[in-house]
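Since the structure comes first, as structure tokens, the remarks are kept for the end.
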Amino acid sequence: MPRSIVILLVILVVLVGGMFFLAGRTAEKEPVRMEKVVPLENLTK
């Protein structure tokens, strides 16, 4: 096989493997509750 086809196949395998690796990662985070002080004068309008 020509060298260019071998290099192209190696790059393709690395890209596909990288896509599967990134798709399998779990990047979910638990939501964090934040409490904010609301001034009372804003509620009376």
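Each value in this text was obtained by applying a stated rule to the coordinates, not by laboratory testing. Just so we're clear, the structure is a prediction, and the values are computed from it rather than from any experiment. All Cβ positions, even for glycine, are placed from backbone atoms using ideal geometry, and neighbour counts span all protein chains on display.
Compared with the dominant principal axis of the Cα atoms in the chain, helix 3-24 is inclined by about 30°.
Can you give the alpha-carbon Rg of the chain over 2.2 N^0.38 Å, where N counts its residues? Walk me through the intermediate numbers first.
Details: Rg = 26.0 Å, N = 45, 2.2 N^0.38 = 9.3 Å.
Ratio of Rg to 2.2 N^0.38 Å for the chain: 2.78.
Packing, taken as the mean count of other beta carbons within 10 Å per residue, orders the peptides 28-40, 7-19 from highest to lowest as 7-19, 28-40.
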